[in-house]
1. Return the residues of the range 33-43 that are open to solvent by less than 20 Å² (accessible area, probe 1.4 Å) and either farther than 17 Å from L82 by Cα or among the hydroxyl-bearing types (S, T, Y) (or both); say none if nothing qualifies.
2. Can you pull out the residues in the range 302-335 that are modelled with pLDDT of 95 or more and out of contact with any Gly (no Cβ under 9 Å at 6 or more places or on another chain)?
3. Could you check the range 245-272 and list, in sequence order, the residues that are under 17 Å from E178 (Cβ atoms) and modelled with pLDDT of 90 or more?
4. S70 - would you say it is surrounded by fewer than 10 Cβ atoms within 10 Å (Cβ to Cβ), closer than 18 Å to G112 by Cβ and either at pLDDT below 95 or among the aromatic types (F, W, Y) (or both)?
5. Collect the residues in the range 97-150 that are touching a strand residue (DSSP E or B) at 6+ places or on another chain (Cβ under 7 Å), among the hydroxyl-bearing types (S, T, Y) and not in a loop (DSSP other than H, G, I, E, B), keeping them in residue-number order.
6. Would you be able to say whether some residue in the range 282-296 is under 15 Å from W200 (Cβ atoms) and outside any strand (DSSP E or B)?
7. Test each condition in (1) in contact (Cβ under 8 Å) with a residue 40 or more places away in the chain; (2) assigned to a loop (DSSP other than H, G, I, E, B); (3) hydrophobic (A, V, I, L, M, F, W, C) for A277 and report the one that comes out false.
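The values are calculated or read from the model by the stated rules, or taken from the named source; none is laboratory data. Since the model is a prediction, treat every value here as computed from it, not as a measurement. Neighbour counts run over all protein chains shown; Cβ positions are idealised from the backbone, glycine included. Accessible surface is based on the protein model in full, side chains and every heavy atom, while ligands, DNA and RNA are left aside. Shrake-Rupley method; radii C 1.70, N 1.55, O 1.52, S 1.80 Å.
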Amino acid sequence: MTSGCVRHAVRLACAASLAATLAWPAAAGAAITIELFDRENRGAVDDEPVGINIADCEMNEAWNFRFSMSTVPSNAHLDVWLGSACDQLANRDGADASDCVQVYGDILMQVGYVRFMLEAPTLVNPTAPGCDEEVKTTTKIWVLIINEDADETIYDSGTYDVSIDTQRPAAPTEVTVEFGENRAIVNWKMAEGTQASEEWGFRVLCDPNPTVTAADADADADADPDAEAGADADDDTTEATDAGGDAGGGCSTTGTFAEGDEPLEDWYCTGQIVGTAVRTRQVDGLTNGTEYHFGVVALDDSRNPSLVSMVVCTVPEEVDDFWETYEAAGGQAEGGCACTAPGTGPAAGGVLALLFGATLLRRRAAGRRRGDPR
């Protein structure tokens with residue numbers, strides 16, 4: 001015989017089960033899994049960087065999401081919110097409502113995939129979409145299926161976190177440049193205390209830019225009424241630097257970019273120079289006798305560029321190496337084996353002195369390797 005206490009407990013359990021069945025559809029409690037399946041301007045959704053940076057925001061990059069539904073609940077509606085703890089009614093509709101911003105309301109629910117899109121400026125700043133503010137944070141997307149009762153209870157929900165970084169890293173410091181023949185070597189440092197996350201890589205800026213095609217250069221000159229004046233200034237600089245380029249000195253002409261500018265893609269003359277330890281880059285393809293302006297920007301982990309560093313200038317010039325000097329002095333040796341120096345003039349004497357000094361150094365070095373104390 002079943003006791004009265006047991007029968008009473010069974011009745012309570014059945015009543016609770018019936019109440020739950022009436023209040024919620026059968027699928028209640030299954031968390032929504034949100035998938036990012038497409039990003040405009042990206043080859044793949046997991047391409048680095050995975051979050052939103054300055055360029056993504058400025059290009060209005062669209063993030064396309066989807067999730068799957070196996071049933072469509074009745075007496076419920078589907079919303080998308082951005083913010084903190086948006087599954088709490090107080091954060092959606094109350095004194096703390098500023099914590100959450102509704103971006104979609106009453107999305108059509110259907111069995112299968114439900115899709116929605118959010119643009120990068122909205123993800124960066126839901127209350128006032130835009131890219132002016134520098135932020136480094138994580139925003140949370142909430143998909144809420146809300147029961148249409150007085151308490152707006154949540155039938156089902158899902159979240160997706162998006163990392164946001166629209167802060168620029170610190171600009172490189174102590175930028176210098178050394179000239180060579182048709183080339184320049186740019187060096188830089190980072191300010192002491194700069195985080196490694198702000199030194200993911202670097203890019204060098206050049207003006208004139210040796211990577212610009214001749215057609216582009218002609219078009220720029222036609223569009224710039226001061227181009228001819230700039231060319232004259234370069235000619236003057238060449239006359240003043242016949243003895244060699246000014247390595248890291250000041251600029252005698254006005255360049256396209258200046259310290260503190262936001263860098264433009266057309267100014268870059270190198271690709272991304274990856275590595276926190278890299279602090280130098282050789283730039284080839286320059287024209288001797290032309291003054292070149294150089295700047296550097298740092299790239300952080302999110303690939304945000306810093307503002308332009310201090311700008312330095314140099315004039316590449318022809319450089320005579322040892323063998324050019326030797327041959328100009330009358331030397332005819334080939335391969336480093338034997339040589340003759342015709343004549344007994346001063347030039348020949350100078351060449352012989354150079355060769356004798358080099359031979360003496362080699363003999364002394366060989367003697368040290370053998371243990372000879374000479």
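1. Result: R39, single match.
2. Of everything in the range 302-335, those that are modelled with pLDDT of 95 or more and out of contact with any Gly (no Cβ under 9 Å at 6 or more places or on another chain) turn out to be N304, P305, S306.
3. Quick first cut of the range 245-272, residues under 17 Å from E178 (Cβ atoms) only: 245-251, 269-270.
Answer for the range 245-272, where residues must be under 17 Å from E178 (Cβ atoms) and modelled with pLDDT of 90 or more: C251, C269, T270.
4. Values: surrounded by fewer than 10 Cβ atoms within 10 Å (Cβ to Cβ): yes; closer than 18 Å to G112 by Cβ: yes; either at pLDDT below 95 or among the aromatic types (F, W, Y) (or both): yes.
Yes; evaluated as a whole, the condition is true for this residue.
5. Within the range 97-150, Y104, Y113, T122, T137, T138, T139 meet the criteria.
6. First pass over the range 282-296, keeping only residues under 15 Å from W200 (Cβ atoms): 296.
Subset that is outside any strand (DSSP E or B): none.
Looking through the range 282-296, none of the residues is under 15 Å from W200 (Cβ atoms) and outside any strand (DSSP E or B).
7. (1)
Yes/no matrix, rows are residues, columns are (1) among the small types (G, A, S); (2) at positive phi; (3) modelled with pLDDT of 95 or more; (4) in contact with a Lys or Arg (Cβ under 8 Å, 6 or more places away or on another chain):
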| site | (1), (2), (3), (4) |
| --- | --- |
| D132 | no, no, no, no |
| I141 | no, no, yes, no |
| I145 | no, no, yes, no |
| Y160 | no, no, yes, yes |
| E192 | no, no, no, no |
